[in-house]
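The values are calculated or read from the model by the stated rules, or taken from the named source; none is laboratory data. Nothing here was measured: the structure is a model prediction, and the numbers come from that model. Neighbour counts run over all protein chains shown; Cβ positions are idealised from the backbone, glycine included. Heavy atoms of the whole protein, side chains included, go into the accessibility calculation; ligands, DNA and RNA do not. Shrake-Rupley method; radii C 1.70, N 1.55, O 1.52, S 1.80 Å.
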Amino acid sequence: MHTSCASGMTQRLLVSNWLRCTRLSRTRADLSRWLRPRQSQGHCQMSLTEQKAELRKVVKQGLRKLTAEKMAAESLAIAQNVLQSRLFHNSKTLGVYLHCAKLREVDTTLIVAAAVKAGSNKECFVPLVEDQKANMQLLHLDSLEGLVPVPPFSILEPNPTYPNGHPRQDGTTTTSSTSANRGQKQEDGNPLS
């Protein structure tokens, strides 16, 4: 399937929004240089898959140029933007990936910590990779202590069960939590079932 130049406009808007969130001005220039010549050279006929592959290449190159200090500063700025947003404050449920420093991803630790700290006001769901094909579950996270590093990249993932042995709530199959799903205890200290 080929895309028209209109999708190029959509692509520029997506890139622009991503850059506005990440504030990566140096990468903005790289992406602008990448987008302009391709449209003028008839690359509007690239498939969406080809456009995405090209865009990923450019973004990876831009990320490799960033120092660890710049990555940390950008991650902090993004976290502050998210945590101060009305969307975050009004949300009851959040799905957040856990970053991989080796892959130069935005550090989401502050966002996850704030969501978990909100307790019963917010439910935080994080990915658990199930297999080699990257099938995932989004499992409820009630504590940062419920995370363990998983090889080969040491990405943090939730244990599949709560500390009391009950399976964690899967955000991909349920719409609201119950105290049993969360592994909470009755007043006598026994787990709810």
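Which residues, taken from segment 86-105, are of a type in the set (Val, Ile, Thr) and open to solvent by 40 Å² or more (accessible area, probe 1.4 Å)?
Matches in segment 86-105: THR93 only.
How many residues, within segment 44-71, are of a type outside the set (Asp, Glu) and either part of a loop (DSSP other than H, G, I, E, B) or open to solvent by less than 60 Å² (accessible area, probe 1.4 Å) (or both)? Walk me through it before giving the result.
Initial filter on segment 44-71 (of a type outside the set (Asp, Glu)): 44-49, 51-53, 55-68, 70-71.
Filter once more, keeping what is either part of a loop (DSSP other than H, G, I, E, B) or open to solvent by less than 60 Å² (accessible area, probe 1.4 Å) (or both): 44, 46-47, 51, 53, 55, 58-59, 62-63, 66-67, 71.
Going through segment 44-71 one residue at a time, the tally reaches 13.
For segment 114-139, which positions are closer than 17 Å to HIS99 by Cα, touching a helix residue (DSSP H, G or I) at 6+ places or on another chain (Cβ under 7 Å) and not aliphatic (A, V, I, L, M)?
CYS124 - this is the single residue of segment 114-139 that is closer than 17 Å to HIS99 by Cα, touching a helix residue (DSSP H, G or I) at 6+ places or on another chain (Cβ under 7 Å) and not aliphatic (A, V, I, L, M).
With respect to the numbered conditions (1) at pLDDT 90 or above; (2) within 27 Å of GLN137 (Cβ to Cβ); (3) open to solvent by 70 Å² or more (accessible area, probe 1.4 Å), which one is the sole condition not fulfilled by LEU83?
(3)
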